[in-house]
Structure formats: structure tokens, C-alpha cells
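What follows is a single structure, written as C-alpha cells, with notes after it.
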Ligand SMILES: *[C@@H]1O[C@H](CO)[C@@H](O)[C@H](O)[C@H]1NC(C)=O
Ligand SMILES: *[C@@H]1O[C@H](CO)[C@@H](O)[C@H](O)[C@H]1NC(C)=O
Ligand SMILES: *[C@@H]1O[C@H](CO)[C@@H](O)[C@H](O)[C@H]1NC(C)=O
């Protein structure tokens with residue numbers, strides 16, 4: 001290989017690696033609930049996906065919009081942090097993090113075999129990969145940030161050593177939990193987000209959705225925290241025999257018997 005060929009090959013490889021990262025990249029913006037957010041075709045299309053929740057699960061639409069906007073408000077409040085974040089990936093990872101909650105009978109996202117976090121992660125990947133922008137703008141790294149955030153959203157410690165992108169997608173959803181307001185977000189921003197997307201039914205909606213998951217796809221939720229909603233609220237639900245605990249106990253009894 002000629003030196004010039006090697007150099008141009010390296011340059012191409014460098015360009016291919018650098019191109020998809022949107023970190024610190026200037027993207028078009030708009031304002032939603034008075035919060036400046038990225039405004040790309042992909043983000044607009046993700047909003048259209050979650051708007052489909054409005055008739056049946058309005059609390060879900062409000063929840064994902066708030067999660068995105070709380071994160072965006074925290075970034076707008078800290079320029080150093082904002083420069084580290086891939087704002088488009090963050091928008092997708094927050095807006096689509098609960099596709100697995102879709103209770104519509106013809107849901108394209110919900111399966112009988114996967115827990116809701118995995119349905120959501122797989123759904124978000126499919127949404128991105130089916131989009132015209134996917135080939136040129138989404139590499140394995142960006143896809144991985146989104147999948148990891150959605151799939152790991154309910155397991156507090158595992159994401160601690162994931163990338164800052166994944167961690168901030170999850171952290172943005174965390175602003176939804178009860179407790180004092182975060183000092184990372186301005187009070188005025190909290191007020192405008194909550195005025196436009198009120199939080200008045202989230203936990204009642206969550207309770208309904210999680211009970212529904214336990215009732216409709218028990219095999220997918222044994223050994224996850226949704227199991228407790230089944231035990232508590234679903235008549236006839238019985239996790240005993242399905243838990244990893246039971247499987248280990250079964251092995252244990254066989255082993256003890258074999259070595260008796
Ligand atoms: C802003 O973000 C940077 C980078 O994440 C962090 O080190 C710094 O502590 C943040 N500043 C405030 C005031 O939170
Ligand atoms: C939570 O959901 C279960 C099952 O639908 C229901 O029985 C219970 O009353 C709900 N709790 C509240 C406080 O709404
Ligand atoms: C659940 O199933 C286990 C094992 O099949 C059984 O021993 C137990 O009594 C059941 N519990 C209830 C509450 O039905």
C-alpha cells in the first residue's frame with residue numbers, strides 16, 4: 001500500500017469515527033415549556049411516537065416529556081456539562097425510555113417475552129434504525145448509550161460505570177421521583193415544565209401499568225421488581241417456582257441428595 005493511500009485511508013477511518021458523535025455539536029434548537037431543546041427531525045419524530053400515548057396514557061406522555069425537559073434544563077444551567085452531552089441522543093433516550101409501558105392493544109413495542117425496559121430499549125433502537133438519519137448519524141456507540149439507559153433504567157447501581165451519556169438519560173428520568181427539587185435545575189424551569197406537563201397522575205398511572213404488566217406478561221417479569229405488583233395486586237399470580245431463588249434451591253436439594 002502506498003503511503004498516500006495509507007494516509008487517506010486513515011483520514012477516512014478518522015472521519016467515519018468522528019462523524020456520528022453529536023457531543024457539543026451545534027444542532028438546531030427550539031423552546032418547549034420555555035426550555036431550549038434540540039430540534040432535529042429525529043427528535044420531532046420521537047415526540048410524534050410518544051404523542052400516541054396521549055389518549056390512553058396521558059400521564060406517560062407527560063412523564064417522558066418532563067424527563068427530557070428536566071435533563072435539558074439541567075444542561076442549560078451548566079455550560080461545561082452541556083458541552084459533554086450528546087443532546088440528540090439524550091432526547092431520544094429520555095423520550096423513548098418507557099415505550100415498554102404502552103398499553104394499547106396493538107402496541108408495536110410491547111412483547112410477551114421481555115421486561116418493559118428491554119422492550120423499550122429494543123423499541124428505541126428500532127425507531128432510530130428505521131429512520132432515514134440512522135445510517136449517517138448513528139454508530140454503535142450512540143445506539144449503545146440509548147439502549148443501555150433504557151434497559152438499565154430501573155437498576156440503580158449498574159449504570160454507575162456507564163458513559164456520562166447513559167447516566168444522564170437515567171438521571172433525567174430520576175428528576176421525576178418524589179423529593180425536594182434538584183439544585184441543578186432552576187426553579188423557574190421546574191415551574192414552566194410542570195405547568196405545561198403536569199405531574200398529577202404519574203404514580204397512579206405507574207401502579208396501573210405495572211399491575212397490567214404483571215397480569216399480562218408474567219413470564220417476562222419474574223425476578224424483576226414488577227413481580228411485586230403481581231404478588232400484591234394480581235389474583236392468582238404466584239412467582240414461587242419461577243424465582244432464581246427457587247431454581248437455586250432446586251439445584252441445592254439435588255446436590256445435597258447426591259452427596260448424602
Ligand atoms: C457542571 O458540570 C460539570 C461537568 O459535569 C461539573 O463538574 C460541575 O460540578 C457542574 N457545576 C455545577 C454548579 O453543578
Ligand atoms: C394500585 O393498583 C391496584 C391494581 O389495579 C389497585 O387495586 C390499587 O387500588 C391501586 N392503588 C392505588 C392507590 O390506586
Ligand atoms: C404458590 O405456588 C407454590 C408452589 O407451587 C405453592 O407452594 C404456594 O402455596 C402457592 N402460593 C399461593 C399463595 O398460592
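Give me the angle, in degrees from 0 to 90, between the Cα long axis of helix 202-216 and the longest principal axis of the Cα atoms of the chain, rounded to the nearest 10.
For helix 202-216, the angle is close to 60 degrees.
Per DSSP H run of n ≥ 4, the term is -39500 (n - 2.57); total these for the chain, divide by its residue number, and report the mean residue ellipticity at 222 nm rounded to 500 deg cm²/dmol.
-18000 deg cm²/dmol
Mean separation of Cα pairs under 8 Å and 6+ residues apart, divided by the residue count of the chain: what relative contact order is that in percent? Mind showing how you got there, number by number?
Values: 318 pairs, mean separation 53.1, N = 260.
Rounded, it is 20 percent for the chain.
If you fit an axis through the alpha-carbon atoms of helix 3-18 and take the longest principal axis of the Cα set of the chain, what angle between them do you get, 0 to 90°, nearest 10?
Helix 3-18 sits roughly 60 degrees off the main axis of the chain.
What order do you get for 160, 148, 191, 45 when you list them from fewest to most C-beta neighbours inside 10 Å? Working shown, then result.
Numbers: 160 9, 148 21, 191 13, 45 17.
With the sparsest Cβ surroundings first, the list reads 160, 191, 45, 148.
May I ask you to derive the relative contact order of the stretch 141-232, considering only C-alpha pairs under 8 Å and at least 6 residues apart, and to give it as an integer percent?
Normalised by residue count, the contact order of the stretch 141-232 is 15 percent.
Return the whole-Å distance between the Cα centroid of the stretch 206-260 and the Cα centroid of the stretch 127-157.
29
For the stretch 58-189, just list the percent of Cα-Cα distances falling in each 5 Å bin from zero outward, please.
For the stretch 58-189, the pair-distance distribution reads 2, 11, 20, 23, 21, 14, 7, 3, 0.
How high is the FRET efficiency from residue 129 to residue 260, r the C-beta distance, R0 45 Å, rounded to 0.05? Write out the running numbers ahead of the final one.
On the way: r = 54 Å, r/R0 = 1.21.
My answer for the efficiency is 0.25.
Expressed as an acute angle from 0 to 90° and rounded to the nearest 10, what is the orientation of the C-alpha long axis of helix 244-258 relative to the principal long axis of the chain?
So the helix axis and the longest Cα principal axis differ by about 50 degrees.
Taking only the Cα atoms of the stretch 109-168, how large is their convex hull per residue, in Å³?
Details: hull volume 4.9 nm³, N = 60.
For the stretch 109-168, the hull spanned by Cα atoms encloses 81 Å³ per residue.
Where does the chain land on Rg/Rh, using Cα atoms and the Kirkwood Rh?
1.06
Can you tell me the order of 87-99, 62-74 when each peptide is scored by its average per-residue count of other Cβ atoms within 10 angstrom, highest first?
87-99, 62-74
Given a cut-off of 16 Å, what percent of all Cα-Cα pairs of the stretch 186-260 lie beyond it?
On the way: 1767 of 2775 pairs.
That tail contains 64 percent of the Cα-Cα pairs.
FYI, it's all coordinate maths here, none of it is from the lab. Here the structure is a predicted model, which means the values were calculated and not measured. Heads up, the Cβs are rebuilt from the backbone with ideal geometry, glycines too, and the neighbour counts pull from every protein chain shown.
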